[in-house]
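A quick write-up on the structure given underneath.
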Amino acid sequence: MDLPERWIVGVDIGGTNLVVGLVPARGGNPFGLRTQRTLSAEGPEAVVARVVDMVVGVLADFEAEGGSKGVVDGLGIGCPGPLDRTSGVVVTTPNLGWTRFPVRDRIAEAVDLPAALDNDANCAVLGEWWQGAGKGSRVLVGLTLGTGVGGGIVIDGRIFHGVGDVAGEIGHMTVDLDGRPCKCGNLGCLEAYASGPNIAARAVEGLEFGASSILPDLVEGMLSDVTAETISRAAVQGDAYALSVMRETAEYLGAGIANVMNLLNPDTVVIAGGVTQAGEHLFAPLQEVVRKRAFASAVDRCRIVPAALPGTAGVVGAAAVFKQQDTGGL
Ligand SMILES: [Zn+2]
């Protein structure tokens, strides 16, 4: 194959899946993508051992295609936070259950490559800025509705970290003072309403109260199998109950995005995650709620768009984080 000159390994450690691939340093599609379940309950050592196996496998595939490790500059790692980028340590991760784990150096030493670490959600947003739906954006805000609600802010092509790497935790903004409990310990976080599992939990609660819907049929009666994707599918099929769950999701998400718009005045908000498969059934009510809550002059200048790199933004962005650390730019 025609190989670009330099490559970077991207590692995306998500709450549910691990994704590893090789990203051309000048940009372009990742090579040799591998995906596995994270299975975070096995503990950080076991997860890191599997990540290392995946990296070794990707590099072996690369060599089989005529590449060599000598043209791989390093490795970028995206991992749920809060984390300390300077020391490469995960401080606490409600979505993995790890504390004070030196994830960057463990992986770097095992594969003998220099590495950089950033929050997985930050990586995904930087990936969308570099090669996806946020290309050309000056002030970009990204939200990923996955296991949790990840958030990130990219200003002039740089992740905004705040003073302690906590900036961009949009999922943990309070949207209801006495609301649903969140894994972080707070009440009423956006994540407690709009993460995949919490969208499903809200839907199931209504079904248990007797709401009529095609959802039980879609999961053959196993309500515990209802996911945000199932609800999106039912909404696309016109199911009134699924549509009402989508509208309620849009209410919370819209309040969160309106807060962000008034705070940062972005030109683009990118939303990723399975629930975006609902398309206009999510985006139309969302746009309406944002317009109702945020300043018109902020709403008028901002696009709210679905992510363009589903499944790969984290890997691409992790590689971008390494490249920025290594060369200072993208
Ligand atoms: Zn929270």
- Rounded to the nearest 0.05, what FRET efficiency do Glu5 and Ala308 give with R0 = 35 Å and r taken as the Cβ-Cβ distance? Could you check? 0.90
- How much accessible surface area, in Å² rounded to 10, belongs to the heavy atoms of Val71 with a 1.4 Å probe? 40 Å²
- Heavy-atom accessible area order for Asp73, Asp326, largest first, 1.4 Å probe: Asp326, Asp73
- Dividing the mean separation of Cα pairs under 8 Å (6+ apart) by the residue count of the chain yields a relative contact order in percent of 20 percent
- Quick one: order Phe295, Phe101 from most to least accessible surface, probe 1.4 Å. Phe295, Phe101
- Query: Near the amide H of Ala272, under 5 Å away, which other amide H atoms are found, from residues 5 or more places off or on another chain, if H is placed in the peptide plane?
  - Reply: Leu143, Thr144, Leu145, Ala307
- What angle do you read, to the nearest 10 degrees and between 0 and 90, between the alpha-carbon axis of helix 280-293 and the longest principal axis of the chain? 80 degrees
- May I ask for the angle, rounded to the nearest 10°, between helix 120-131 and the longest principal axis of the chain, with both axes built from Cα atoms and the value confined to 0 to 90°? 80 degrees
- Note on the structure: If the chain between Gln36 and Glu65 were fully extended at 0.36 nm per residue, the gain over the current Cα-Cα distance would be 8.2 nm
- Along its principal axes, what span do the Cα atoms of the range 136-306 show, with the longest given first and each in whole Å? 48, 33, 25
- Note on the structure: The ³J(HN,Hα) series, computed from each phi in the range 73-87 with the Karplus coefficients 6.51, -1.76 and 1.60 at θ = phi - 60°, rounded to the nearest Hz and given as x for glycine or proline, is 6, x, 9, x, 10, x, 9, x, x, x, 9, 10, 5, 4, 8
- For the chain, the Cα-Cα pair-distance distribution in 10 Å bins from 0, as whole percents, is 6, 27, 33, 23, 10, 1, 0
- Message: Can you compute 3J(HN,Hα) from phi for each residue in the range 164-179, using the Karplus curve 6.51 cos²θ - 1.76 cosθ + 1.60 with θ = phi - 60°, rounded to whole Hz and x for Gly and Pro?
- Response: x, 6, 9, 4, x, 6, 5, x, 10, 7, 6, 10, 8, 4, 10, x
- Taking Cα atoms only, helix 44-64 is inclined relative to the longest principal axis of the chain by an angle, in degrees rounded to 10, of 60 degrees
- chymotrypsin sites (Phe, Trp or Tyr not before Pro) restricted to the range 141-220 and DSSP loop, no more than 13 other C-beta within 10 Å: Phe209
- Message: Please list, ordered by chain and number, the residues whose modelled amide H lies under 5 Å from the amide H of Leu83; skip anything fewer than 5 residues away on the same chain.
- Response: Val91
- About the Cα centre, charge dipole magnitude for the range 136-306 (Lys/Arg +1, Asp/Glu -1 at Cβ), debye: 600 debye
- Message: Once ligands and nucleic acids are excluded and a 1.4 Å probe is used, how much of Trp130 is accessible, expressed in Å² to the nearest 10?
- Response: 30 Å²
- Query: Say each of Thr16 and Val236 gets a label point 7 Å from the Cα, pointing the same way as Cα to Cβ; how far apart are those two points in nm?
  - Reply: 1.5 nm
- Item | Cα-centre dipole for the chain with unit charges at Cβ (Lys and Arg positive, Asp and Glu negative), debye to 20 | 700 debye
- Per the helix-only calculation at 222 nm, which mean residue ellipticity applies to the chain, given -39500 (n - 2.57) for every DSSP H run of n ≥ 4 and division by its residues, nearest 500 deg cm²/dmol? -12500 deg cm²/dmol
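Looking only at the chain, where both bridge partners belong to it, what percent of the DSSP beta bridges are antiparallel (to the nearest 5)?
60 percent
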- Task: Find the centroid of the Cα atoms in the range 1-46 and in the range 73-137, then give the distance between the two in whole Å.
- Result: 11 Å
- Message: Ignoring ligands, DNA and RNA, please state the percent of accessible area on the chain from carbon and sulfur, probe 1.4 Å.
- Response: 51 percent
- Message: Residue by residue through the range 133-142, what is 3J(HN,Hα) from phi via Karplus (6.51 cos²θ - 1.76 cosθ + 1.60, θ = phi - 60°)? Round to whole Hz and write x for glycine and proline.
- Response: 6, x, 3, x, 6, 8, 10, 10, 10, x
- Message: Just to make sure I understand: if all protein chains stay in place, what is the order of Glu45, Glu191, Glu169 by accessible area at 1.4 Å, largest first?
- Response: Glu45, Glu169, Glu191
- Considering only DSSP beta bridges with both partners in the range 136-306, what is the antiparallel share in %, to the nearest 5? 55 percent
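Report the far tail of the P(r) of the range 236-330, meaning the percent of Cα-Cα pairs longer than 17 Å.
The answer is 58 percent, as a whole percent.
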- Once Lys and Arg get +1 and Asp and Glu get -1 on their Cβ, which of Ile257, Gly32, Ala194 lies farthest toward the positive end of the dipole of the chain? Ile257
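The values are calculated or read from the model by the stated rules, or taken from the named source; none is laboratory data. No experiment lies behind these values; they were computed from the predicted model shown. Cβ: placed from backbone, ideal geometry, glycine included. Neighbour counts: every protein chain shown. Just the protein is used for accessible areas: all its heavy atoms, side chains included, with ligands, DNA and RNA removed. Shrake-Rupley method; radii C 1.70, N 1.55, O 1.52, S 1.80 Å.
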